[in-house]
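Novice: Have a look at the structure that comes next, please.
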Amino acid sequence: MRKTVFIFLSAVVTFAQGQTYPAKPIRLIVPFAPGGSSEFVARTVSAEMAKGLSQNFVVENKPGGGGNIAMGEVARAEPDGYTLIIGHIGTLAANPFMGQELPYDANRDFVPISLLVKVVTLYVVHADVPVKDLKGLIELARREPGKLNYGSAGNASAGHLAMEYLKLATGGIDLQHVPYKGTGPMVIDLVAGRTQVGVAGTPPLLQHVKAGKLRAVAVGTPGRLAVLPSVRSVAEQGYPGFETSQWYGLIGPARLPDSVIKRLSGEAAKAVRSKAVLDRLATESAIPVGSTPQEFAQFIAKEQARWKEVIQKAHIKAD
């Protein structure tokens, strides 16, 4: 399924040879199905970047292969600044360690532009599951090993990694993984009660928690969320040091001109700090970042080290 949105942008960057950038529409690819946190971030930030650039921006959902299909396409794209992609924890920090042959090299084929947003990881259960907090979920899982199913946006997705990380931290509770082709379909089945447990970023889950269809049992950040003040963090519930979040950044093909990288990074940083974006992110408890390319590169390296260890210990393999 492909979903395309046109957003008007405004500003000018100049190539060394004198060509102005952007001189034609720019594609921003979201490598997952509609309805997830990656699409929320792409739409929210690019809408504000529209005030700093002067060209149409095409936001395109292109799911498949845990993000690998879209990443491979962008890796092969011309490094001219007209094809960009939302990079995230799965495609940049997990997939490279899954023992699969990828159509891209996460470090060689892309250039970091800016870490845009971190999205709080929320652990939830269906309203009919008789637990109120993480302790209750762990006790139920130990009483009935293998009977609870948890959904994620796909194998090696951020949600999959977050739950496997939790399973390791809690001593190996037995929950069965049900991978979906995106967060949207995962949430549909969870709300319908076809799965019992879910983990994802806050944007696709909060409305259902507030409506009473899902119950939040823990958050992945060290502190609590202002919108869910009674929901304790995993760390607060007996696992000090535990921390996980989803994150989304802007990246492009390797060899992207420095002038383009600098301009896009600057516009992205301005966008995530604007009142319009801050207000929108606050409604979803998302955390604005807006880093430099160098800071984003350092962040990716740290995340790769963290999730490589989780993947190896949890024996996570590609489909």
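Novice: Between residue 147 and residue 295, what FRET efficiency comes out of the Förster formula 1/(1 + (r/R0)^6) with R0 = 45 Å and r the beta carbon distance, rounded to 0.05? Intermediate results must be reported in sequence, preceding the final value.
Specialist: Details: r = 44 Å, r/R0 = 0.97.
The value I calculate is 0.55.
Novice: Rounded to the nearest 500, what is the chain's calculated 222 nm mean residue ellipticity when only DSSP H runs of at least 4 contribute -39500 (n - 2.57) each, over all residues? Present the calculation step by step, with values, prior to reporting the outcome.
Specialist: Values: 9 runs with 104 residues, N = 319.
Per the formula, -10000 deg cm²/dmol.
Novice: May I ask for the distance between the Cα centers of the range 125-147 and the range 48-101, given as a whole number of Å?
Specialist: Going from one Cα centre to the other spans 36 Å.
Novice: When DSSP beta bridges are limited to those with both residues in the range 120-219, what percentage is antiparallel, rounded to the nearest 5?
Specialist: Antiparallel bridges: around 60 percent, rounded to the nearest 5.
Novice: List 261, 69 from most exposed to least, where exposure is judged by having the fewest other Cβ atoms within 10 Å.
Specialist: Details: 261 21, 69 14.
Exposure proxy ranking, most exposed first: 69, 261.
Novice: Right, here's the next one. So if we plug the beta-carbon distance of residue 318 and residue 105 into 1/(1 + (r/R0)^6) with R0 = 22 Å, what FRET efficiency do we get, rounded to 0.05?
Specialist: Details: r = 16 Å, r/R0 = 0.71.
So, using R0 = 22 Å, E works out to roughly 0.90.
Novice: Have a look at 125, 260, 272 and tell me which one the Gaussian network model of the chain (Cα, springs below 10 Å) gives the largest fluctuation.
Specialist: Comparing 125, 260, 272 in the GNM, the peak value goes to 260.
Novice: Charges on Cβ only, +1 for Lys and Arg, -1 for Asp and Glu, centred on the Cα centroid of the range 120-219; of 136, 146, 179, which one is farthest towards the dipole's positive end?
Specialist: Value: 136.
Novice: By how many nm would the segment from residue 168 to residue 258 lengthen if fully extended, with 0.36 nm per residue of separation less the alpha-carbon distance?
Specialist: 28.2 nm
Novice: Given charges of +1 on the Cβ of Lys and Arg and -1 on the Cβ of Asp and Glu, with all other atoms neutral, how large is the dipole of the chain about its Cα centre, in debye to the nearest 20?
Specialist: With Lys and Arg at +1 and Asp and Glu at -1, about 480 debye.
Novice: For residue 132, go through the lysines and keep the ones whose alpha-carbon is under 30 Å away, minus same-chain ones fewer than eight residues off.
Specialist: By straight Cα distance, residue 132 reaches 118, 147, 167, 181, 210, 213, 313.
Novice: For residue 21, list long-range residues whose amide hydrogen, built 1.01 Å from N in the peptide plane, is under 5 Å from its own amide hydrogen.
Specialist: Answer set, sorted by chain and number: 13, 14, 15.
Novice: How would you rank 275, 51, 317, going from fewest to most other Cβ atoms within 10 Å of each one's own Cβ?
Specialist: Working: 275 8, 51 15, 317 11.
Lowest to highest Cβ neighbour count: 275, 317, 51.
Novice: Please report the antiparallel percentage of the DSSP beta bridges confined to the chain, to the nearest 5.
Specialist: Close to 70 percent.
Novice: Dipole size in debye (nearest 20) for the range 120-219 around its Cα centre, Lys and Arg Cβ +1, Asp and Glu Cβ -1? Show your work: numbers first, answer last.
Specialist: Values: 11 positive and 7 negative charges, 31 e Å.
Here the size comes out at about 160 debye.
Novice: If the reach is capped at under 12 angstrom between alpha carbons, list the aspartates and glutamates near residue 275, excluding any in the same chain fewer than eight residues apart.
Specialist: Partners within reach: 48.
Novice: Using Cα springs under 10 Å in a Gaussian network model of the chain, which residue among 24, 118, 213 shows the largest mean-square fluctuation?
Specialist: Result for the chain, Cα springs under 10 Å: 24 fluctuates most.
Novice: Roughly speaking, what is the stretch gain from residue 243 to residue 211, that is 0.36 nm per residue apart minus the C-alpha to C-alpha distance, in nm to one decimal?
Specialist: Separation in residues times 0.36 nm, less the Cα-Cα distance, equals 8.9 nm.
Novice: Springs between alpha-carbon pairs under 10 angstrom, Gaussian network model over the chain: which of 162, 286, 235 fluctuates most?
Specialist: Most flexible of the set in this elastic network: 235.
Since every read-out is calculated from the coordinates, none of them should be taken as a lab result. Here the structure is a predicted model, which means the values were calculated and not measured. Counting neighbours? That spans all protein chains shown, and the Cβs are built from the backbone with ideal geometry, glycine included.
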